[in-house]
Amino acid sequence: MALVVILIGMPFGVIYHEARRTGQPLGAYLKRAVGKMGEESPECPASSSQKTVTGKTIRFLQKKAIGDPMGDSKPWIAYLTIVDLDQDGLKDILVCDARVNQIRWIKQGPINEYREISVGTPIRAPAHVTPCDIDLDGDLDLLVAKMGMIFPNNDRIGAVVVLENDGRSHFTKHTLVENIARVTDIEPGDFDSDGDIDLAVGQFGYDDGEIRWLENLGNWKFRSHMLLTLSGTIYVPVKDIDEDGDLDIVALVSQEWEEIYVFENDGEANFRVRLIYGSTNEDFGSSGISLVDLDLDGDLDMLYSNGDAFDYIPPGPRPWHGVQWLENKGNWDFEYHRIGDFPGAYSAEAVDVDHDGDLDVAVVSCFNKWESSEAQSMIWFENTGSMEFMQHDLTSNPTHLLVLDTADMDEDGWVDFVTGGFYAYPPYDRMSRVLLWRNIWPEREIVD
Amino acid sequence: MARSRIHLLLVVGVSVLALGIAMGISFLVKRTNREAVLSRLPDMPALAENAEVLRQKLIDADQITRRTVREGKPYKQFGRKAGELGRFYQANHFYDQAIPCYRLAIELDPEEPLWSYLLASVYQQRGQNESVRVLLERTLKLAPDYSPALLKLADSFFKTGGKDQAKGSYSLRLALLPGDPYALLGLARIALAKSQWDEAQGYLERAIESDPGFGDAHRLLSTVHEHFFRTRKAQESLEAAGRCTRFVPAPDPWVDALEELCYDTEQLLVLGEKAIAERKIKKALDKYFHRAMELDPWNPKVHLAVGKAWLMLSQLEPARDSFRNTLDLDPENGEAHFYLGLIMRNEGKLFAAENMFLRALEFESNNPNVYNNLGLCILEQHKYEEAIRYFRHALEIYPEHLEALYNLGVALWASGNSMAAVKQYKRVLQIKPDWRTPANSLAWILATDIIESMRNGDEAVHWALLACKGEGWENPEYLDTLAAAYAEAGRFDQAVQTAQRSLNLARAKGDKSLINDLEYRLRLYGSGKAFHE
């Protein structure tokens, strides 16, 4: 009996003394000793962005410059999008070149051969181009968001421009609205269900910005309807978010607001404003949004990047930059999930890179730590199942990639990437203008 | 006897063995416990690219923290050290390392509100509202009077649709800080979201009363006025917003104190830029750039930033020194050449300034600001045609460059082409309708041009009144133009009155040249004649 007392009592006494001496409750002391302390507690939640998990580099992209060469100037590709503009069955690329102030068309034909063509007359600082048959004549016209100046400016120098296609890829310019706060995005949709195409317009401005929709009155006449007056709108994608049969407008507002709004349409262009998400970090740096069913559950989620740093000199990476998705839980409830950190993240795209049936996320960076040769300008987050993501590096050369779009350009069944470079700040030693990254996944190489 | 001795020995032996086992177990438990805690401290980040000072400071802070446990100090003390280490990591943007430090600190030093608040601030910066709210609520249990936590909690609720919870937290903050413009802005936004326009107006007006320089409150108030079709008031609010600084976050002493621990040059430059955006230029220089200079004295970016800050303070000598230092370290720095050119122009050394701008163009050939200032430099040498070329060049690069557009107008007028100048000024005013300077220049031509067909008294009055709006009424030159416009429009009584007011202001300022001109013009208007160039 005495032995039992000694065998149990003495270690207990020593442990009790040690726990008291180090100021810990006995339970916590013992738990810690058996490795059970440090898990999530209700008062100290684990972040939904645990440290980004990095996997091996898999080489599966072959890069090739397409379109006009860089020349002596530093490229400023503000936006690009893949579309079969001339409807010849081959995918082309439309580019907003803010250096030459023009929309450019990188036409594919024959397959895998590209040449660049100017579209319409110059447009000062084009920030976004959206193909759309606005006049319903069967060909694709172009909606061009004219910023007037890419860099901060509060003057009313923006415009809503349409380049009307005559069916033979000759374009006539119509300025629908001008002398307004800098325009960053124009998206089409029949909001009032009257059979014609209206427009959603995002205006960044600087201090004074706006979101409006333009009602199509016919004959190139449009009436403005203001939706919200906040500075910093960068995208206004249009989709039927609530699946009620009409088109809603989503707006990503940056600047000090850093918020995502949905303007819920009742089918007759009466919009109800809903604030879906906002960061309380006024330097969050919202940089891109796309509406996609990322978890393949049948509804539209939001893939959202933050990595903008144009505001500060020197512009550079911030530790909070990265990619996240807002899961549509229904009834206007969106749940935040961090996918991973990525300094300077811009333009995230959901794409099944590896053909495993789920959607991965590819993303480019415009503001990484370029002094380091290891700093990545493009990565992808592999969806490892259950919406868990693992980062894989793709490239550190070129630097300063602002925009990414994806599509199977060469019709080999694998999704290829197209990137645009924007070089407003040094270093200028690894530049590119428009690059096609051919996906050769079956011949991939895994690098240790 | 022998049996009892054997029994005793057996008891002693077993006791010693038990004691040994007990000591062994307790030693193992103690060690495992200590290692369990230490293993939760983060590994040092890769520091190869960081400044030596930062590297050494981080190594020291990490070692001090680990020593606390190894020396067997109370874990609360270790918790504090872990929290301090977390602060150091956070201040230098190593968030992945800061998070486990704060989690340890919260666990081992549970009565300290700082750790949960700082962990909340890391999550908040990453946009994770759910995690933030739990931590802020914990902070507020421990420190109910820490108003920044209330503001963050309210903002976090508001931005995820929790309007009622947000309103509660904003109201609590307002109770702690009566008149707080941030809480009032939040309450106004909630009211706007509920279409309670009158209530929103009340909150916004109170916010502006507390802080007349709060631009976002003026802007939202403009929206309210627009809703009620009060166009003039809406415009006034927008104009008031335009005079304010950009958005400045609410003070947050616990987070702001982290700046003292920042030893990252790039981050210090960003902090300096933020301070400048808030018009706190001395703070930028003394607090951030000074430390950046100490840490990285051979970094041209630091010298350039310092030079620009001095220039903003109109301290030309130290600004010049800084730009020269920049060029010593980076001879191809176009910006440093440009700013040196500005200083030389300011000092009237036009030829030297011209050369400096031309040198800047060698490295920044696409910078319209350089062309614009080069044009001004040439204009001041009365070489009008050449100046026009440079302004046009600036406008080729950026056609909406307002200053270049205006300066081109001035150069065209100086070269005798009033008609082209009028076009230029009108183009400027189309883009920026409230800019007084081109309105005044346009009015002057329309009122006084030597060519009769150029003159239009009524239109001149319109533009001159625009120039005089608000503070313009205190500007004797604008009033001089307005008087000339009245005279050209045949409104001589008003011309005399306005010219007299202008003369009084000119006399108060001691502007002899303008006084002479005005006395002459006053006599003309008195005799019913307009003034023409």
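Overview of results
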{"quantity": "Close pairs from region A:240-255: first closer than 11 Å to A:LEU291 by Cβ and surrounded by fewer than 24 Cβ atoms within 10 Å (Cβ to Cβ), partner at pLDDT 95 or above and among the small types (Gly, Ala, Ser), Cβ under 8 Å, at least 6 apart", "calculated": "none"}
{"quantity": "Filter result for the condition that a residue is touching a Phe, Trp or Tyr at 6+ places or on another chain (Cβ under 6 Å), touching a residue at least 24 places away in the same chain (Cβ under 8 Å) and either closer than 27 Å to A:ALA159 by Cβ or in a loop (DSSP other than H, G, I, E, B) (or both), over B:ALA404, B:ALA360, B:ALA411", "calculated": "B:ALA404"}
{"quantity": "Residue list for region A:256-273, restricted to those being part of a strand (DSSP E or B) and either away from chain B (no Cβ under 14 Å) or buried (at least 22 other Cβ atoms within 10 Å of the Cβ) (or both)", "calculated": "A:GLU259, A:ILE260, A:TYR261, A:VAL262, A:PHE263, A:ASN265"}
{"quantity": "Complete set of residues in region B:244-259 that are touching a residue at least 12 places away in the same chain (Cβ under 8 Å), within 12 Å of chain A (Cβ to nearest Cβ) and in a loop (DSSP other than H, G, I, E, B)", "calculated": "B:CYS244, B:THR245, B:ARG246, B:PHE247, B:VAL248, B:ALA250, B:ASP252"}
{"quantity": "Near pairs, Cβ below 7 angstrom, 6+ apart or cross-chain, from region B:45-73 (under 21 Å from A:PRO319 (Cα atoms)) to any residue that is hydrophobic (A, V, I, L, M, F, W, C) and at pLDDT below 85", "calculated": "B:ARG55/B:LEU47; B:LEU58/B:LEU47"}
{"quantity": "Test: residue in region B:213-236 that is touching a residue at least 40 places away in the same chain (Cβ under 8 Å) and out of contact with any strand residue (DSSP E or B) (no Cβ under 7 Å at 6 or more places or on another chain)", "calculated": "no"}
{"quantity": "A:TRP332 being in contact (Cβ under 8 Å) with a residue 12 or more places away in the chain, surrounded by fewer than 18 Cβ atoms within 10 Å (Cβ to Cβ) and either within 26 Å of A:LEU401 (Cβ to Cβ) or touching a strand residue (DSSP E or B) at 6+ places or on another chain (Cβ under 7 Å) (or both)", "calculated": "yes"}
{"quantity": "All strands (runs of 3 or more DSSP E) inside region A:70-182 with 3 or more residues being modelled with pLDDT under 95", "calculated": "A:171-180"}
{"quantity": "Subset of region A:128-156 (residues that are within 14 Å of another protein chain (Cβ to nearest Cβ) and touching a residue at least 40 places away in the same chain (Cβ under 8 Å))", "calculated": "A:MET147, A:ILE150, A:PHE151, A:PRO152, A:ASN153, A:ASN154"}
{"quantity": "Residue in region A:208-220 that is touching a helix residue (DSSP H, G or I) at 6+ places or on another chain (Cβ under 8 Å) and more than 24 Å from B:ALA154 (Cβ to Cβ) present", "calculated": "yes"}
{"quantity": "B:VAL224 being crowded, with 20+ Cβ neighbours inside 10 Å, out of contact with any Ser or Thr (no Cβ under 7 Å at 6 or more places or on another chain), assigned to a helix (DSSP H, G or I) and more than 9 Å from chain A (Cβ to nearest Cβ)", "calculated": "yes"}
{"quantity": "Given (1) without any contact (Cβ under 8 Å) to a residue 60 or more places away in the chain; (2) part of a strand (DSSP E or B), index of the condition A:LYS369 fails", "calculated": "(2)"}
{"quantity": "Per-region count, region B:269-287, residues out of contact with any Asp or Glu (no Cβ under 8 Å at 6 or more places or on another chain), away from chain A (no Cβ under 12 Å) and either assigned to a loop (DSSP other than H, G, I, E, B) or touching a residue at least 12 places away in the same chain (Cβ under 8 Å) (or both)", "calculated": "6"}
{"quantity": "Which numbered condition B:ASP211 misses (of (1) within 12 Å of chain A (Cβ to nearest Cβ); (2) more than 30 Å from A:ARG338 (Cα to Cα); (3) surrounded by fewer than 22 Cβ atoms within 10 Å (Cβ to Cβ))", "calculated": "(1)"}
{"quantity": "Tabulated pairs, region B:183-208, first in a loop (DSSP other than H, G, I, E, B), second surrounded by 20 or more Cβ atoms within 10 Å (Cβ to Cβ), C-beta under 9 angstrom, 6+ apart or interchain", "calculated": "B:LYS194/B:ALA200; B:GLN196/B:ILE190"}
{"quantity": "Qualifying positions in region B:51-70 - small (Gly, Ala, Ser) and farther than 11 Å from B:LEU295 by Cβ", "calculated": "B:ALA61"}
{"quantity": "For A:ILE276: the one exception among (1) within 27 Å of A:ASP196 (Cα to Cα); (2) not in a loop (DSSP other than H, G, I, E, B)", "calculated": "(1)"}
{"quantity": "Answer from B:SER314, B:SER322 - the residue that is surrounded by fewer than 22 Cβ atoms within 10 Å (Cβ to Cβ) and of a type in the set (Ser, Thr, Tyr)", "calculated": "B:SER314"}
{"quantity": "Verdict on B:ALA352 being away from chain A (no Cβ under 14 Å), of a type in the set (Gly, Ala, Ser), in contact (Cβ under 8 Å) with a residue 12 or more places away in the chain and over 24 Å from A:ASN154 (Cα atoms)", "calculated": "no"}
{"quantity": "Residues located in region B:126-173, provided they are among the small types (Gly, Ala, Ser) and more than 8 Å from chain A (Cβ to nearest Cβ)", "calculated": "B:ALA143, B:SER147, B:ALA149, B:ALA154, B:GLY162, B:ALA166, B:GLY168, B:SER169, B:SER171"}
{"quantity": "Qualifying residue in region A:379-391 (condition: buried (at least 23 other Cβ atoms within 10 Å of the Cβ) and part of a loop (DSSP other than H, G, I, E, B))", "calculated": "no"}
{"quantity": "Residues located in region A:305-341, provided they are more than 9 Å from chain B (Cβ to nearest Cβ), under 14 Å from the mean Cα position of the chain (by Cα) and in a strand (DSSP E or B)", "calculated": "A:SER305, A:VAL323, A:TRP325, A:LEU326, A:ILE339, A:GLY340"}
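The values are calculated or read from the model by the stated rules, or taken from the named source; none is laboratory data. Predicted, not measured: the structure shown is a model, and the values here were computed from it. So basically every Cβ, Gly included, is an ideal-geometry build from the backbone, and we count neighbours across all protein chains shown.
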